[in-house]
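A short write-up of the structure that comes next.
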Amino acid sequence: MQEEVVMADVNVFPFELINKFHRFKLSALPMPLPESELITLYTIRDANQYDGVENTLISGLAEKLHVSVPTISRCLSRLEEKGLVQKSSQTNDRRNTYGCLTEEGLAIYEESFRTLSSFVERALSRIDGEELNQFFATFDKIYDALAQEYNALGKK
């Protein structure tokens, strides 16, 4: 009988999980940019910091964000107009266009990161540390399992 309850929960779980986290819009926080632009800045910063590159290929950004190249190109154009991103090309091939944060883009990223970090820190301070550790350990396992399934989709 217990297994039936678990199976019923598993059938609802994906939609509940996505719905619960989707409710939290960055726009509800005092952020300087729309959510899609902030996520793009984060992704560029992340690539620069952890991939060890100064400029990030637009096609790589599109892949990391799971959007099309035209979608990320439009977002980067908006960010470039605001002076937050600089696009460059090392060849005449538009497929090899790069994006990097300007000093102002980095400042906006850091401001937004501080705002979001403060919000999350305040929220998580309401939860016992051991419970948080267990949650993140379990969440990492769930994420890894979902990532394996997702990656397997591309191999079929």
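Pop out the ³J(HN,Hα) list for the stretch 128-136 in order, Karplus 6.51 cos²θ - 1.76 cosθ + 1.60 with θ = phi - 60°, rounded to Hz; leave Gly and Pro as x.
Once θ is set to phi - 60°, the couplings for the stretch 128-136 become 4, x, 5, 4, 5, 4, 5, 4, 5 Hz.
With a 1.4 Å probe and every protein chain kept in, tell me what percent of the accessible surface of the stretch 65-156 is carbon plus sulfur.
54 percent
Report the label-to-label distance for ASN96 and ARG122 in nanometres (one decimal), using points 7 Å from each Cα along the Cα→Cβ vector.
Placing both labels 7 Å along Cα→Cβ, they lie 4.8 nm apart.
Packing-wise, with mean Cβ within 10 Å as the measure, how do 142-149, 64-71, 34-41 rank, highest first?
Output ranking for 142-149, 64-71, 34-41: 34-41, 64-71, 142-149.
With θ set to phi - 60°, apply the Karplus curve 6.51 cos²θ - 1.76 cosθ + 1.60 along the stretch 143-152 and write out the HN-Hα couplings as whole Hz, x wherever there is a Gly or Pro.
Computed from phi, the couplings for the stretch 143-152 are 4, 4, 5, 5, 4, 4, 5, 4, 5, 5 Hz.
Between PHE24 and LEU57, what is the label-point separation in nm under the 7 Å Cα-to-beta-carbon projection?
Taking the simple label geometry, LEU57 and PHE24 are separated by 3.3 nm.
The values are calculated or read from the model by the stated rules, or taken from the named source; none is laboratory data. In this text, all values refer to a predicted model and were calculated from it rather than measured experimentally. Ideal geometry is used to build each Cβ from the backbone, glycine not excepted, and the neighbour counts take in all protein chains shown. Each accessible area value is taken on the protein alone, full model and side chains, heavy atoms only, with ligands, DNA and RNA left out. Shrake-Rupley method; radii C 1.70, N 1.55, O 1.52, S 1.80 Å.
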